[in-house]
1. Taking region 83-102, which residues are surrounded by fewer than 18 Cβ atoms within 10 Å (Cβ to Cβ) and out of contact with any helix residue (DSSP H, G or I) (no Cβ under 9 Å at 6 or more places or on another chain)?
2. Identify, from the list 274, 221, 200, the residue that is within 26 Å of residue 152 (Cα to Cα) and at pLDDT below 75.
3. Which one of these does residue 22 not meet: (1) crowded, with 21+ Cβ neighbours inside 10 Å; (2) in contact (Cβ under 8 Å) with a residue 40 or more places away in the chain; (3) within 21 Å of residue 127 (Cβ to Cβ)?
4. Hey, which of the strands (runs of 3 or more DSSP E) in region 57-171, taking only ones fully inside, have at least 3 residues that are at pLDDT 95 or above and under 24 Å from residue 41 (Cα atoms)?
5. How about region 42-53: which of its residues are more than 20 Å from the chain's Cα centre (by Cα) and either in contact (Cβ under 8 Å) with a residue 12 or more places away in the chain or part of a helix (DSSP H, G or I) (or both)?
6. So residue 214 fits all but one of (1) part of a helix (DSSP H, G or I); (2) surrounded by 14 or more Cβ atoms within 10 Å (Cβ to Cβ); (3) modelled with pLDDT under 95; what number is the exception?
7. Residue 209 is checked against (1) assigned to a helix (DSSP H, G or I); (2) modelled with pLDDT under 85; (3) under 18 Å from the mean Cα position of the chain (by Cα); (4) surrounded by fewer than 18 Cβ atoms within 10 Å (Cβ to Cβ) and fails just one. What number does that condition carry?
């Protein structure tokens, strides 16, 4: 790429850089927990001072890495049972999951708003098995573009809690009506977690995301009350199994947030009614 892409401070697009930087930063450590060379290469193409993120988001970086590791592991486990699975990455941003998990057989869709998909096209070209869809995930006409051959998994990292509960509920029920059998894997924040995230990530980092509203989920099992087809497979603290090779301060914070159920990785299945 000849000319670097300029990202304005305080813009919505700036938030896309946070987890991207987190993975790139981790990759360049002496003993990285996650290796994402694509992220390292992509950030080189932005006209942006990433040192600002490093100053304000050092603790959050561990969370972004943990979320990626949990997501990769869950997707790989799903692919063990469904080698030709269809995976939809909702609100993909600048995510690079496909490059880390691709087995040469899966169908992978990247879904986000048109401006985000346009940004991604600087770095990725669609292929027969890796396709982009420019749409809000709430506008479910995109369901018609999904080809399902061998199991369907939806990923939604760092997305759902920016919307209202009724919007998420309606989306899940529409997915159940259309696809009948599928799985979802996403991170959730409790109401307390929402307050912490807005203060520590968005406000502290000067990010241009709305500070009001959002979906605080607690308890996770309450999802099953939305529709009898929804089953929670598992819900674990985001930091579970992720406390090695991290600073003591993060370990202490993780113990507290785990006890309070601040942030969870949720694995949910939608089963057709009998």
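1. 83, 84, 102
2. Numbers: 221 fails: at pLDDT below 75; 200 fails: within 26 Å of residue 152 (Cα to Cα).
Exactly one of 274, 221, 200 is within 26 Å of residue 152 (Cα to Cα) and at pLDDT below 75, namely 274.
3. (3)
4. Of the strands (runs of 3 or more DSSP E) lying wholly inside region 57-171, those with at least 3 residues that are at pLDDT 95 or above and under 24 Å from residue 41 (Cα atoms) span 86-90, 107-112, 130-134.
5. Selection gives 45, 46, 47, 48, 50, 51, 52.
6. Unmet for residue 214, out of (1) part of a helix (DSSP H, G or I); (2) surrounded by 14 or more Cβ atoms within 10 Å (Cβ to Cβ); (3) modelled with pLDDT under 95: (1).
7. Residue 209 satisfies every listed condition except (1).
Residue by residue, here is whether (1) buried (at least 20 other Cβ atoms within 10 Å of the Cβ); (2) touching a residue at least 40 places away in the same chain (Cβ under 8 Å); (3) closer than 15 Å to residue 18 by Cβ holds:
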{"position": "32", "(1), (2), (3)": "no, no, no"}
{"position": "37", "(1), (2), (3)": "no, no, no"}
{"position": "57", "(1), (2), (3)": "yes, yes, yes"}
{"position": "64", "(1), (2), (3)": "yes, yes, yes"}
{"position": "75", "(1), (2), (3)": "yes, yes, no"}
{"position": "79", "(1), (2), (3)": "yes, no, no"}
{"position": "115", "(1), (2), (3)": "no, yes, no"}
{"position": "118", "(1), (2), (3)": "no, no, no"}
{"position": "123", "(1), (2), (3)": "no, yes, no"}
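The values are calculated or read from the model by the stated rules, or taken from the named source; none is laboratory data. Everything numeric in this text was worked out from a predicted model, so none of it was measured. Here the Cβ is made from the backbone with ideal geometry for all residues, glycine too, and neighbour counts use every protein chain on show.
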